[in-house]
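Engineer: Questions regarding the structure given below will be posed in turn.
The values are calculated or read from the model by the stated rules, or taken from the named source; none is laboratory data. Computed from a prediction, not measured in an experiment: that's the story for all the values here. When we count neighbours, we look across all protein chains shown, and the Cβ atoms used for this are built from the backbone with ideal geometry, even at glycine. When the accessible area is computed, the model is the full protein with side chains, heavy atoms only, and any ligands, DNA or RNA have been set aside. Shrake-Rupley method; radii C 1.70, N 1.55, O 1.52, S 1.80 Å.
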Amino acid sequence: MTKPDKEIFQSFAHAQVSISNEIYNHLSRIQSDCLNFLFCPTQYCTTRAVPSVSESEYLNTIGQKLLPTIDILWTGSKVISKVITVKDIQEITEVLRRKPVIWDNIHANDYDQKRVFLGPYSGRNCELIPLLRGVVTNPN
């Protein structure tokens, strides 16, 4: 953050929450009946959570301060998660204080553009369904 930003915001998470909440509130005044707002946190998977999901000051701030009607994207244990477990989703749900939207990169190829990933959609147990707000896939 720039020096002026640091004078206004307590942390990067607080800055992101403030701006996101303001945009959401503005858009909901214009079109509240069908607004579906997604937020992608900087720490969007377990391996990027510092120092861990449950102890991340960043993720805890997002969970506490982001408006509860804003959905939050999560990729699982890794950026590209071969398996997403119930335990992983329960942990992030507790921190974010809402069900996450899985941003699934299992078929993404932007990191290896010479391959096309067309395998089966697996590693996502049906027990996850009631624990999620939704699923979006990244077929890059």
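Engineer: With the requirement that a residue be surrounded by fewer than 21 Cβ atoms within 10 Å (Cβ to Cβ) and of a type in the set (S, T, N, Q), what does the range 66-76 give you?
Structural biologist: THR69
Engineer: OK, next. Being open to solvent by less than 90 Å² (accessible area, probe 1.4 Å), more than 30 Å from GLN10 (Cα to Cα) and more than 14 Å from the chain's Cα centre (by Cα): is that true of GLY134 here?
Structural biologist: Details: open to solvent by less than 90 Å² (accessible area, probe 1.4 Å): yes; more than 30 Å from GLN10 (Cα to Cα): yes; more than 14 Å from the chain's Cα centre (by Cα): no.
It is false that GLY134 is open to solvent by less than 90 Å² (accessible area, probe 1.4 Å), more than 30 Å from GLN10 (Cα to Cα) and more than 14 Å from the chain's Cα centre (by Cα).
Engineer: What number of residues in the range 81-123 are over 13 Å from the mean Cα position of the chain (by Cα), over 16 Å from ALA49 (Cβ atoms) and assigned to a loop (DSSP other than H, G, I, E, B)?
Structural biologist: Total meeting the criteria: 20.
Engineer: For the range 77-92: of the residues being polar (S, T, N, Q) and over 16 Å from LEU59 (Cα atoms), which is surrounded by the fewest Cβ atoms within 10 Å (Cβ to Cβ)?
Structural biologist: The extreme case among them is THR85.
Engineer: Let me confirm something: among CYS45, CYS40, which residue is modelled with pLDDT of 95 or more, open to solvent by 40 Å² or more (accessible area, probe 1.4 Å) and in contact with a Phe, Trp or Tyr (Cβ under 9 Å, 6 or more places away or on another chain)?
Structural biologist: CYS40
Engineer: Then there is this: Please enumerate the residues belonging to the range 111-140 that are touching a residue at least 24 places away in the same chain (Cβ under 8 Å) and farther than 19 Å from GLN43 by Cα.
Structural biologist: Result: GLY123, ARG124, ASN125, GLU127, LEU128, LEU131, PRO139, ASN140.
Engineer: Then there's this: Out of (1) assigned to a loop (DSSP other than H, G, I, E, B); (2) open to solvent by less than 40 Å² (accessible area, probe 1.4 Å), what's the single condition that is false for GLY63?
Structural biologist: Single failed check for GLY63: (1).
Engineer: Related question: Conditions first: (1) closer than 24 Å to VAL136 by Cα; (2) open to solvent by less than 30 Å² (accessible area, probe 1.4 Å); (3) not hydroxyl-bearing (Ser, Thr, Tyr). ALA15 passes all but one, so which condition is the exception?
Structural biologist: Every listed condition holds for ALA15 apart from (1).
Engineer: Have a look at ASN60, ASN109, ASN105 and point out the one that is at pLDDT below 95 and under 30 Å from GLU22 (Cα atoms).
Structural biologist: After ruling out the rest, the residue left standing is ASN105.
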